[in-house]
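The values are calculated or read from the model by the stated rules, or taken from the named source; none is laboratory data. Computed from a prediction, not measured in an experiment: that's the story for all the values here. As a convention, Cβ positions derive from the backbone with ideal geometry for all residues, glycine included, and neighbour counts pool all protein chains shown. These accessible areas exclude ligands, DNA and RNA; they are computed on the full protein's heavy atoms, side chains included. Shrake-Rupley method; radii C 1.70, N 1.55, O 1.52, S 1.80 Å.
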Amino acid sequence: MKKLIVSIAAFAAMFSLHADFKKPTRTVEIGVDAEAGMSNSYLGIKDIFKENLVIDLNEIAEAMNGNGLTFDLFAKSSFYINVQGEHKRFSFFTNVESSGYANLPQEFFDLLAEGFKTGTNKTMTLQAYGDMFLETGISYYRKWDNFAFSVAPSYVVPVFYMEDIQADVSYKVLENGYIGVNADAPVAIYSAFDLKPFIDNEGEKDEALRNIGQIMKNGGIDLSLSVEKKILRTLDATLYTRIPVIPGKLTHKASARYWAYAYENNLLGILDDTEDRDYDWGHDDFTYSSASLNVFRPFRLGVEGLWRPFGNWSYFKFGIGMAARNPYSGNAIIYPEGELSADFRILNILGFNFGAFYKNRVWTQKVGLTLNCHILEIDAFAGFRCADLSRSFNATGAAAGVSVKMGW
């Protein structure tokens, strides 16, 4: 995996094309962005507000489309300062970004719909992970006639990192009528500070956060590169990459084991009060220890294009790429990314945009508005969000964001 990513990054550096698609409207600009979203891949808003909710297990299993049930959370806030001209731009930026992902496998819902079959003994795996990063960096953009290049080194501090949880759920059905289910999920949360005061309410929370200097020393380095190339008069093309160079480090660990079990023996014993059954669930106490975990943000590589068939008042943007969570390791998770969007402007004052985006293994359908008064620009969007494209229009999740830029 490491050799593959290094080879791709080298290729990108030689032939890469990230288009800076918009001309600057302000020479000096200060901006703040915030966005957040959450979703599941089945239950929509219209289902929640039904007077009588009917649960059809067969319908649920079919609706999963083989992908199971996915939950996700995402939030990002940014602050930046741009100093820019027609051909150059220098930027300082800082971001806080967090995400979470969990998936219940298709087999779980097939089991609920079809029931337990005698003589089976199977295990299914649930997946979950999450993280939070603080990033600060600078970027430099330079444009020539038909070519432009940008470079953005950044210092990335991991705050939280939940290891990829592989929770096992096993069940068995015997011919004598015994049905047993067991679930086991080991959880490990790595952090930049001690989590005990926050989880167990023991100790001083201020004390855990006091050594901010040491926390900031444990950051790593990312490098983002992009080069723009004008292919036709109305078409720009881009190849961009974000390469994690030096990992950040987390020095504290909180771990526990969540478990559940249930069994039913002699179900027909309900009739004569000889039934034997039991169930329980819970988690072991959290344990806390020192740690030394190296953490990389996902590697990203992709191609973008911008088409302006009607002039600068509108454009259509398309892109496709890939990302790799846990790069340079044997348990890397590789997934695609993509975008198809459009933007329309009236006198560069009022704007309307919409599009479909696939990032972090989740689809987002966005509709946005822009108001640009030169010294002040406000962009806002709202949309639906879901891991399943076919259900992302059913309000099974939502996303919203706002961007405010000021300058002259």
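Springs between alpha-carbon atoms under 10 Å, Gaussian network over the chain: tell me which of T364, T125, T70 tops the mean-square fluctuations.
Maximum among the listed residues: T125.
Just to be sure I understand, if you calculate P(r) over Cα pairs in 10 Å bins from 0, in percent for this structure, which of [x] 5, 21, 29, 21, 11, 6, 3, 2, 1, 1, 0; [y] 4, 17, 27, 24, 16, 8, 3, 1, 0; [z] 4, 17, 27, 32, 14, 4, 1, 0 do you get?
[y]
Multiply the residue separation of Y263 and S289 by 0.36 nm, subtract the distance between their alpha-carbon atoms, and state the gained length in nm to one decimal.
Values: separation 26, 0.36 × 26 = 9.36 nm, distance 3.51 nm.
Gain on extension, Y263 to S289, equals 5.9 nm.
Quick check: pseudo-label points 7 Å beyond the Cα along Cα→Cβ at Q127 and T94, how many nm apart are they?
With each label point 7 Å from Cα toward Cβ, the separation is 3.5 nm.
With the crude spin-label approximation of a point 7 Å out along Cα→Cβ, what separation in nm comes out for M216 versus E86?
Taking the simple label geometry, M216 and E86 are separated by 4.0 nm.
So if each residue of separation counts as 0.36 nm, and I subtract the Cα-Cα distance between F198 and I138, what length gain in nm does that give? Numbers along the way, then the final one.
Working: separation 60, 0.36 × 60 = 21.60 nm, distance 3.35 nm.
Taking F198 through I138 to full extension adds about 18.3 nm, to one decimal.
Any of K88/K230; K46/K76; K317/K359; K230/K366; K88/K359; K76/K366 with alpha carbons more than 19 Å apart? Name them for me.
On the way: K88/K230 17 Å; K46/K76 27 Å; K317/K359 15 Å; K230/K366 27 Å; K88/K359 29 Å; K76/K366 16 Å.
Pairs exceeding the cut-off: K46/K76; K230/K366; K88/K359.
Mind checking the angle between helix 2-15 and the chain's longest principal axis? C-alpha axes, 0 to 90 degrees, to the nearest 10.
20
Normalised by the number of residues in the chain, what is the relative contact order in percent for Cα pairs under 8 Å and 6+ residues apart?
Reported as a whole number, the value is 17 percent.
Separation between the T27 and I334 pseudo-spin-labels, each 7 Å from Cα along Cα→Cβ, expressed in nm?
The answer from the label model is 4.8 nm.
Helix-only mean residue ellipticity at 222 nm, the chain, DSSP H runs n ≥ 4 weighted -39,500 (n - 2.57), per residue, nearest 500. What is it?
On the way: 7 runs with 50 residues, N = 408.
Helices in the chain give a 222 nm mean residue ellipticity of -3000 deg cm²/dmol.
So which aspartates and glutamates can K196 reach, going by Cα to Cα under 17 Å and dropping same-chain residues fewer than 8 places off?
Within the straight-line limit of under 17 Å, K196 reaches these aspartates and glutamates: E204, D206, E207, D284, D285.
Given a 1.4 angstrom probe, what's the average accessible area per residue across the chain, in square angstrom?
Working: 22320 Å² over 408 residues.
Solvent-accessible surface per residue comes out at 55 Å².
Please report the spacing between the Cα centers of region 289-364 and region 127-144 in Å, no decimals.
Value for the Cα centre distance between the two parts: 12 Å.
Hey, with R₀ at 22 Å, roughly what FRET efficiency would K46 and F354 work out to, going by the Cβ-Cβ distance, to 0.05?
Values: r = 22 Å, r/R0 = 0.98.
Efficiency, rounded to the nearest 0.05: 0.50.
I'd like the carbon and sulfur percentage of the solvent accessible area for the chain, probe radius 1.4 Å, heavy atoms only, ligands and nucleic acids excluded.
Details: 13750 of 22320 Å².
Carbon and sulfur atoms account for 62 percent of the accessible area of the chain.
Between W313 and N67, what's the calculated FRET efficiency when r is the beta-carbon distance and R0 is 41 Å? Round to 0.05. Don't skip to the end; give the middle numbers.
Details: r = 40 Å, r/R0 = 0.97.
Efficiency at R0 = 41 Å is approximately 0.55.
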